[in-house]
Amino acid sequence: VRVTRGAVFDVAVDLRWSSPHFGKWVGVELSAQNHRMFWVPEGFAHGFLTLEDDTDFLYKCTAPYAPQSEHTLAWDDPAVGIEWPAIGMAPIISDKDARGLSLANVLVFP
């Protein structure tokens, strides 16, 4: 993933049950200025917080989008403990993300 305009805080959470890093997260700021890219492997949850208005965010995927295979981890699950940056206002959350499941209840991978 990468940002071509604006900036995001991008996060990946390991959902591979057999991984020693299961439930751990990593986050990085991606912006048009820093030109960073972030690879999110299969078996990871992926989310982001937009840090600037009018941000353009690009994905390169390994397979076509399949909404029936999509599952949502709660962005604010205390068991994961993602340290989202302060943005000076309450985040705007999509309906789908508002219904995200805890790490204990979300579909995980072998």
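The values are calculated or read from the model by the stated rules, or taken from the named source; none is laboratory data. Keep in mind the model is a prediction, meaning the values are calculated, not measured. Every residue, glycine among them, receives a Cβ derived from its backbone with ideal geometry; neighbour counts consider all protein chains shown. When the accessible area is computed, the model is the full protein with side chains, heavy atoms only, and any ligands, DNA or RNA have been set aside. Shrake-Rupley method; radii C 1.70, N 1.55, O 1.52, S 1.80 Å.
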Those residues that are more than 19 Å from C61 (Cα to Cα), assigned to a strand (DSSP E or B) and open to solvent by 50 Å² or more (accessible area, probe 1.4 Å), I need them from the range 31-50; list them, please. T50
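Has the range 10-30 got any residue that is among the hydrophobic types (A, V, I, L, M, F, W, C), touching a Ser or Thr at 6+ places or on another chain (Cβ under 9 Å), open to solvent by less than 30 Å² (accessible area, probe 1.4 Å) and closer than 20 Å to G100 by Cβ? Steps first, please.
Here is the first cut: in the range 10-30, the residues among the hydrophobic types (A, V, I, L, M, F, W, C) are 11-13, 15, 17, 22, 25-26, 28, 30.
Then drop every residue that is not touching a Ser or Thr at 6+ places or on another chain (Cβ under 9 Å), which leaves none.
There is no residue in the range 10-30 that is among the hydrophobic types (A, V, I, L, M, F, W, C), touching a Ser or Thr at 6+ places or on another chain (Cβ under 9 Å), open to solvent by less than 30 Å² (accessible area, probe 1.4 Å) and closer than 20 Å to G100 by Cβ.
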So, in the range 44-85, exactly how many residues are over 12 Å from the mean Cα position of the chain (by Cα), small (G, A, S) and at pLDDT 95 or above? 2
Scan the range 17-34 and report the pairs whose first residue is more than 20 Å from W84 (Cα to Cα) and whose second residue is open to solvent by less than 80 Å² (accessible area, probe 1.4 Å), with Cβ atoms within less than 7 Å and a gap of 6+ or a chain change. W17/V108
When you go through D53, D76, D97 one by one, which is the residue that is touching a Phe, Trp or Tyr at 6+ places or on another chain (Cβ under 6 Å) and open to solvent by 50 Å² or more (accessible area, probe 1.4 Å)? D97
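Can you pull out every residue in the range 56-73 that is more than 22 Å from H21 (Cα to Cα) and open to solvent by less than 70 Å² (accessible area, probe 1.4 Å)?
Going residue by residue through the range 56-73, those that are more than 22 Å from H21 (Cα to Cα) are 56-69.
D56, F57, A63, A66 - these are the residues of the range 56-73 that are more than 22 Å from H21 (Cα to Cα) and open to solvent by less than 70 Å² (accessible area, probe 1.4 Å).
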